[in-house]
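Please read the structure below before turning to the comments.
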Amino acid sequence: MVAVMDPQLAEQIAYYRAIAAEYFDHALDELGGGEIESAVAAAAPRGDVLELACGPGTWTPMLAARATTLTAVDSSPEMLALAARRAPGVRFVEADLFAWEPDRRYDGVFFGFFLSHVPRERFDAFWAMVARALKPGGRVVFADDGYRTADELVYGEDSDRIRRRLNDGNAFDIIKVPHEPATLQERLRALGWDVRISAAGPFYWGEGSVSSQETHRDGADTASR
Ligand SMILES: C[S@@+](CC[C@H](N)C(=O)[O-])C[C@H]1O[C@@H](n2cnc3c(N)ncnc32)[C@H](O)[C@@H]1O
C-alpha cells in the first residue's frame, strides 16, 4: 500500500481506491463520441511502453495490443486488479506517481485522464519524471478532459479542488485542473516539450516528445528543489 504524506494527494488516492468498482458508471463516453478513442489508438506508442495511472484498464488492453512490452502504474490496488483482468501479460506496479521514479527508459509513455489530477504545483515535476522515463526521441501521448460539473464546484470555478461522490453518496475532495489546450501546449513548450494538442468538446489529447534536453534539464532541476 502506498504511504502518502500530502493530505490532498492522499484523499485523491483514497477516492480512486473507493470508486474502482463503479468507475465505469461515471465515465463521460457520451461526450467523447469515440473521437478521443480513435485518436489515441492511432497515436498509441509502440515498443516498450509505460502507462501512468492505468486505472481499471481503460486504455491498457489497447496499449498492450500495440506495444512490445507494457508496464502500467497506479496507486490503487483495486484499480490494478481490475486492469490485470482486462490486460493479462502486463507488468503492473503499485506506486504513488509523485514519489515514483522510473526504473528504466521507454519508447513511449501514455496517461489517460491523469494530467487534470496533477496539482498545478506538481506539474513541472510530473513532466520532468515523464521525460526521465523516455528514451531519447521517445513519444508521450496523453488524453484528458476539462469537464467539471456545477455540483462538483463546491469551492468555486476558480478552485482546482472539486468534490466527487460515490454512488453511495460518500464525498471526497480531489484535484481537477481544467487545462485549456492552447495554454497547456504553450506551458509544455516552455518546459522543453514539442507537443501537439487536439480537442473535441471537453476532451483533449496530445502527442509529442522532448524538444530540448537543455530546457528540460532545467525543468527537472527546478522540480527537484
Ligand atoms: C481518472 S482515473 C484514470 C484512469 C484511466 N487512466 C482512465 O483513463 O480511465 C485516475 C487514476 O489515477 C490514479 N491515481 C490517483 N492518484 C495517483 C497517484 N498519486 N499515483 C498513482 N496513481 C494515482 C487513480 O487510482 C486512478 O486510477
In nm, to one decimal, how far is the Lys135 label point from the Arg165 one, both placed 7 Å along Cα→Cβ? 4.9 nm
Simple spin-label model, 7 Å along Cα-to-Cβ: Glu11 to Ala95 in nm? 2.7 nm
Take Leu153 and Glu180, extend 7 Å from each Cα along the Cα→Cβ direction, and tell me the distance between the two endpoints in nm. 1.4 nm
Ala81 to Arg104: extension gain in nm, 0.36 nm per residue of separation minus the Cα-Cα distance? 5.9 nm
Between Thr69 and Ala42, what length in nm is gained on full extension when 0.36 nm per residue of separation is reduced by their alpha carbon distance? 7.9 nm
Given contacts defined as C-alpha pairs under 8 Å and at least six residues apart, what's the relative contact order of the stretch 13-224, whole-number percent? 20 percent
Roughly what percent of Cα-Cα pairs across the stretch 43-88 reach past 14 Å? 39 percent
Cα-based shape type of the stretch 8-126, given that a ≥ b ≥ c are square roots of the gyration tensor eigenvalues and the cut on a/c is 1.5: rounded
If the only charges are +1 at each Lys and Arg Cβ and -1 at each Asp and Glu Cβ, what is the size of the charge dipole of the stretch 1-158 around the Cα centre, to the nearest 20 debye? 980 debye
Rule-of-thumb Rg ratio for the chain [Cα; 2.2 N^0.38 Å; N residues]: 0.96
Over all directions, the stretch 115-194 yields a Cα convex hull whose mean projected area in nm² is 6.4 nm²
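Each value in this text was obtained by applying a stated rule to the coordinates, not by laboratory testing. Everything numeric here is computed off the predicted structure, so don't read it as measured data. Backbone-built Cβ (ideal geometry, glycine too); neighbour counts: all protein chains shown.
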